[in-house]
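Take a look at the structure below.
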Amino acid sequence: MAILTLTRESGSLGDEIGMLIARRLGYTFYDKHEIERRIIAKGLPKEEFMKYDERKPNFLDRFAKNRDKYLNYLSMVILEIAKQGNCVIMGRGAFLFLRDVPNHITLRFVSPMEARIKRIKELKNIESDKVAQELLEKSDKRKRDFYKSCFKYDLTGDHTLIHATINTFSLNPDLLAEMITAGIKNNMMDSVEEAGKQRVEELILAQQMTNKLIFEHNLHIDELWVIVRDKVITLNGVTAFHATVERAQTILESEYNGYKVESFIHCVQDNRFSKA
């Protein structure tokens, strides 16, 4: 039926509500541990995963190719889960990878700091309000930095890609889960689900093309973004040489027969040695 992605403030009961929704819908719930397991199983060393997972990398790591590998592995895992459908995915920027998928719904759970402090104290057996608040503020900052660094997305200020933000303070988690479940059951049409399946297939293909150009053929294209839609491949990014752009087009045209390739890659030619 649907692909549901969730983000939450720590202490807002997002995980608990997500699991209740999955149970009511008969969906599979994917938390951070399952996503981590799948990324590491694909070949990213655990120590590299820990550098980048929901955190801002340090100055040197920001420019390392391993960060791009992490994001590409993360993208493939999210897309493979979405392809199976009937899933609830928690965190990890999943909603950004799936933002234009028709049967995708994304929700954010929030709660006042006072309520979050109370919940985190109970969850982690913390006695001090101050210690609990510092823990929550550190968690909030880590997530904001992760989204800004890896996706250039303002998690707290930009809500245009979130379908609904829900304050969990005064409503029972079971009631919230029931409301959300009923909304999905009553409004998800077969035609929307079919369009969603097709779009996920295109997103998977685009990610495969990205990996082929960057990691298999070692082309130096910064911020490469491949879009596949209706048998048209669109390339975006920045590179130093026109030959790199031509090489990328040649690879995709030869390996993906029947697709038209359009490039909007910005070429910053190095002319330092071309003067007479």
Check: If you check Ala206 against the conditions, is it touching a helix residue (DSSP H, G or I) at 6+ places or on another chain (Cβ under 8 Å), modelled with pLDDT of 95 or more and open to solvent by less than 40 Å² (accessible area, probe 1.4 Å)?
Finding: no
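Going through Met1, Met19, Met76 one at a time, which residue ends up being buried (at least 16 other Cβ atoms within 10 Å of the Cβ), at pLDDT below 90 and more than 16 Å from Phe146 (Cβ to Cβ)? I'd like the intermediate steps shown before the answer.
Working: Met19 fails: at pLDDT below 90; Met76 fails: at pLDDT below 90.
It is Met1.
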Next item on the list: May I ask you to list the residues in segment 79-115 that are part of a helix (DSSP H, G or I) and open to solvent by 10 Å² or more (accessible area, probe 1.4 Å)?
Entry: Glu80, Lys83, Gln84, Leu96, Phe97, Met113, Glu114, Ala115
Margin query: Looking at segment 202-218, I want the residues that are in contact (Cβ under 8 Å) with a residue 40 or more places away in the chain and have a partner that is in a helix (DSSP H, G or I) and of a type in the set (Gly, Ala, Ser) with Cβ atoms under 6 Å, at least 6 apart or on another chain. Which pairs are those?
Written below: Gln207/Ser75
Item checked: Residue count for segment 6-56, restricted to those that are under 27 Å from Lys69 (Cβ atoms), in a loop (DSSP other than H, G, I, E, B) and touching a Ser or Thr at 6+ places or on another chain (Cβ under 8 Å) -> 1
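Being touching a residue at least 12 places away in the same chain (Cβ under 8 Å) and surrounded by fewer than 22 Cβ atoms within 10 Å (Cβ to Cβ) is the filter here, so list the residues in segment 28-38 that pass it. Outline the logic, then answer.
Just the residues of segment 28-38 that are touching a residue at least 12 places away in the same chain (Cβ under 8 Å), to begin with: 28-32, 35-36, 38.
Those that are touching a residue at least 12 places away in the same chain (Cβ under 8 Å) and surrounded by fewer than 22 Cβ atoms within 10 Å (Cβ to Cβ): Thr28, Phe29, Asp31, Lys32, Glu36, Arg38.
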Note to self: Let me spell it out: the conditions are (1) within 18 Å of Asn103 (Cα to Cα); (2) of a type in the set (Lys, Arg); (3) touching a Leu at 6+ places or on another chain (Cβ under 7 Å), and Arg247 meets all of them except one. Which number is the exception?
What the structure shows: (1)
Note to self: Of everything in segment 143-152, what is part of a helix (DSSP H, G or I) and either open to solvent by 80 Å² or more (accessible area, probe 1.4 Å) or not charged (D, E, K, R) (or both)? Give them in sequence order.
What the structure shows: Arg144, Phe146, Tyr147, Lys148, Ser149, Cys150, Phe151
Next item on the list: Tell me which residues, restricted to segment 21-34, are of a type outside the set (Asp, Glu) and more than 11 Å from Glu80 (Cβ to Cβ).
Entry: Ile21, Ala22, Arg23, Arg24, Leu25, Gly26, Tyr27, Thr28, Phe29, Lys32, His33
Margin query: I'd like the residue in segment 41-54 that is surrounded by 15 or more Cβ atoms within 10 Å (Cβ to Cβ) and not charged (D, E, K, R) and, out of all such residues, is nearest to Lys152 (Cα to Cα).
Written below: Tyr52
Check: Identify, please: which residue in segment 217-254 is of a type in the set (D, E, K, R) and more than 19 Å from Glu201 (Cα to Cα) and is, among those, surrounded by the most Cβ atoms within 10 Å (Cβ to Cβ)?
Finding: Arg247
Next item on the list: Might you let me know whether segment 164-181 holds any residue that is surrounded by 13 or more Cβ atoms within 10 Å (Cβ to Cβ), in contact with an Asp or Glu (Cβ under 7 Å, 6 or more places away or on another chain) and under 23 Å from Ile17 (Cα atoms)?
Entry: yes
Next item on the list: Please go through segment 153-197 and pick out each residue that is in a loop (DSSP other than H, G, I, E, B), free of Cβ contacts under 8 Å to residues at least 12 places away in the same chain and over 16 Å from Leu98 (Cα atoms).
Entry: Asp154, Gly157, Asp158, Ser170, Leu171, Asn172, Met189
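The values are calculated or read from the model by the stated rules, or taken from the named source; none is laboratory data. All of these numbers come straight from a predicted model, not from anything done at the bench. Cβ coordinates were reconstructed from backbone atoms using ideal geometry, including for glycine residues, and neighbour counts include every protein chain displayed. Surface accessibility is based on the protein's heavy atoms, side chains included, excluding ligands, DNA and RNA. Shrake-Rupley method; radii C 1.70, N 1.55, O 1.52, S 1.80 Å.
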